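Note sheet for the following structure.
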């Protein structure tokens, strides 16, 4: 008998038929004698519908506190409906809102972080042998105001609960049946992994594999919560995410691309000491995350600095640089969004120095030019023209896995 | 400077335009220096849409606890949107759910009664000069589960708040501009009243005038909360409801009909002592409210008992009588739903014995047959054929007021 936390996303509960599908999956495991906690997102388009309502009232500046009040109604609807479906199947169940389930968060409305889960109420309900259905994505701050955790927040809710309840397993149900070495819709030779480590999963999540929310993987790693990514439609084992995984034959776990990249270049920058610090310190003040940085020496005692940020942060980055106009001498400032970051991830590469050159060889053979390179212990990323991104993933994947 | 509680129903906030209309009404009074608390229902069709979703999952037996979880999301949406509109107009505002506003109720899900309003949070927000927008219709029971107050519950929420906060006035905004002596859409000579007493309003509410929910008027009477019924669309004074009102020229405040009546007859009942007690005691056990009762002597030591109940309780009443089958001897049991109750209400009639006969005269002149009569100190009701109901209201209204 185990305690299992199961998380279902909005598309899994989009209509009555799917709600019953989810209810059946839950009841199956409950009948085996397991204790079950379920975390659910808002139904299908509910969140978008609510955002549209808010935009009708205030197109831009609705306060985040009131947005959280509005959006958290979405999960309230889905937990009630899922609980009703489980009742209809004849099993004991109770639905709980984020605050009823004991989620306390900080006060950053819209992007709140979970500070604690006071799981007393959940434990009481589990002791009464009830299936507990909990609204993901939401909590309560110290002023008793409702907060939301931001996109992907329901994954984080599920992992936080699994940690607080010391659950045996946290299952994240998605529309894919596990984690693949590349996007299986594009790379036919992509293989599903039985296991993957937290670190590898983190690199893949950051790279846009989009199977699991990054914060939830970080939290799972921190509290050592075993995750399983599996299909909400088919009944079969998924991919287990945990600390130590058996080394498999391949060095590389996966290859992925990320098109949400903007490449910003400051050309002909007057070369004075501390100039790079000045720029990136200002950019950090604008809350922009810089990814790859390239610095090169130019002519006449100048240099060029090129760096990448996500496209939605590029305006803020440009603004940050412009705010330095008075004290910064440069010839040209340019931004290029037609780039893509292609990466390979694998804990195995740490002890295998030939991986990078093998990747570059594959790209070179395909005639793809590399503009920037970034490496970590378990990841190699290259920046290339966006139009070659799919091809690049394919040839790199083939080289290592296919 | 006054503290005013304002209540707006679902149709008043049905879309963005109406939400802004309501926001403007609120801001007008706030700008005059008043403290404002607003109670809002769910938008237009939201409640019906949510009920439809529940019926898709479980057509009949969804638990009331989960129904309350589901339905209370409706007001959550409307308070957030109204708060956003007030923000957009540039005024300080905060929205609060029933539980955040301190509404504790008993545990009768779907028809919960308010036990207390812990108004600490509201007082804090008012001290910060915020307009406070509160979800009507909902509260929290002692288990921290969300409850709803049932139909018309938002009126009750508003009055309870006004009582707890010792508000100077509780304004109930509706789609009519006050309380009339009869339905103004049908009786062109109907007059709007400036003032009406709680007792008169209670009789009119019971009679289906449907301007104010009955429980809210009872609560207003109990805590001496001054009410105003007024239009949410036009800016003009409405009708004040309070304890003592100035006697106006007319004896009669209003005339109204109620078609939601079923007339049940037990014919040829064996005349043994205590038989009426036995019947009505059993009916009370089935939680059916009996309105008018008529008992007549029949032939051969039998009698007939005829009584009225609301149509939605008629099945339960019949069931109650059938449960006595073993010990009750009667010839026939019949039910007639093609009846209507027409009533006149007025505190003035108490000291004026001619009112009843004047009413009967008006009906007789119009050729309308009276089947049953019921009187109280401030009301006279007659049961007639439903098809004559509108005509009856018209002739009675004309006789006294028109």
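Modelled spin labels at residue B:123 and residue B:319, positioned 7 Å past Cα toward Cβ, are 4.6 nm from each other.
Within the listed set A:104, A:310, A:232, the residue fluctuating most in the Gaussian network model of chain A (springs between alpha-carbon atoms under 10 angstrom) is A:310.
Residues A:137, A:360, ranked from the fewest to the most other C-beta atoms within 10 Å, line up as A:360, A:137.
Under the shape rule built on the C-alpha gyration tensor, where the axes satisfy a ≥ b ≥ c, segment B:50-152 is oblate, since a/c reaches at least 1.5 while a/b does not exceed b/c. Mean separation of Cα pairs under 8 Å and 6 or more residues apart, divided by the residue count, gives chain B a relative contact order of 13 percent. Distances between equivalent label points of residue A:124 across the copies, with each point positioned 7 Å along Cα→Cβ, amount to 2.3 nm, shortest listed first.
Among the residues of B:48-59, the average count of other protein chain beta-carbon atoms within 10 Å of the residue beta-carbon is 4. Dividing the mean sequence gap of close Cα pairs (under 8 Å, 6+ apart) by how many residues segment B:278-352 holds gives a relative contact order of 27 percent. With a Förster radius of 60 Å applied to the C-beta separation of residue B:210 and residue A:352, the computed FRET efficiency comes to 0.15. Taking a ≥ b ≥ c as the square roots of the eigenvalues of the alpha carbon gyration tensor, segment A:3-174 is oblate, as a/c is not under 1.5 and a/b does not beat b/c. Each of residue A:14 and residue B:270 was given a label point 7 Å from its Cα along the Cα-to-Cβ line. The distance between the two points is 6.7 nm. Where chain A is rotated onto chain B, the residue of A whose Cβ comes nearest the axis, and that gap in whole Å, is A:73, 2.
With 0.36 nm allotted per residue and the present C-alpha distance subtracted, the residue A:1-residue A:299 stretch has 100.3 nm of extension available.
Neighbour counting of Cβ atoms within 10 Å sorts the residues B:198, A:223, fewest neighbours leading, into A:223, B:198. Peptide B:143-150 shows a mean partner chain C-beta count of 2 within 10 Å per residue C-beta. For the peptide A:63-75, the mean number of other protein chain Cβ atoms found within 10 angstrom of a residue's Cβ is 6. Between 0 and 90 degrees, the angle of helix A:275-285 with respect to the longest Cα principal axis of chain A falls at about 20 degrees.
Within the listed set B:31, B:257, B:130, the residue fluctuating most in the Gaussian network model of chain B (springs between alpha-carbon atoms under 10 angstrom) is B:31. Between residue B:56 and residue B:116, the contour length at 0.36 nm per residue exceeds the Cα-Cα span by 18.1 nm.
Length gained on full extension, residue A:89 to residue A:195: 34.8 nm, using 0.36 nm per residue less the C-alpha separation. If one takes the longest principal axis of the Cα atoms in chain A, at what angle in degrees, from 0 to 90 and to the nearest 10, does the Cα axis of helix A:153-164 lie? Result, in degrees: 60. Inter-part distance, segment A:25-64 to segment A:71-96, computed on C-alpha centroids, equals 11 Å. Cβ-Cβ distance of residue B:334 and residue B:391, R₀ of 30 Å, FRET efficiency by 1/(1 + (r/R0)^6): the value works out to about 0.75. Highest GNM mean-square fluctuation among A:172, A:240, A:318, for chain A modelled with Cα contacts below 10 Å: A:318. Using only Cα atoms and rounding to the nearest 10 degrees, what angle (0 to 90) does helix A:64-88 make with the longest principal axis of chain A? It works out to around 40 degrees. Between identical copies, the spacing of residue B:64 label points, each set 7 Å from Cα toward the C-beta atom, reads 4.1 nm from nearest to farthest. Each of residue A:226 and residue B:29 was given a label point 7 Å from its Cα along the Cα-to-Cβ line. The distance between the two points is 6.1 nm. How many angstrom lie between the Cα centre of segment B:270-292 and the Cα centre of segment A:150-213? Comparing the Cα centres of segment B:270-292 and segment A:150-213, I get a distance of 66 Å. When each of the peptides A:394-402, A:80-88 is scored by how many other beta carbons lie within 10 Å of its residues on average, the order from highest to lowest is A:80-88, A:394-402.
Ascending distances from the residue A:302 label point to its copies in the other chains, with the point 7 Å along the Cα-to-beta-carbon line: 11.3 nm.
Sorting B:37, B:111 from the fewest to the most surrounding beta carbons within 10 angstrom yields B:111, B:37. Evaluated over the Cα positions of chain A, the convex hull gives a direction-averaged projected area, one quarter of its surface, of 22.3 nm².
Bear in mind that the values in this text are calculations on the coordinates, not laboratory data. What you are looking at is a predicted structure, and each value in this text was computed from that prediction instead of being measured. Here Cβ is always computed from backbone atoms with ideal geometry, including for glycine, and neighbour counts include all displayed protein chains.
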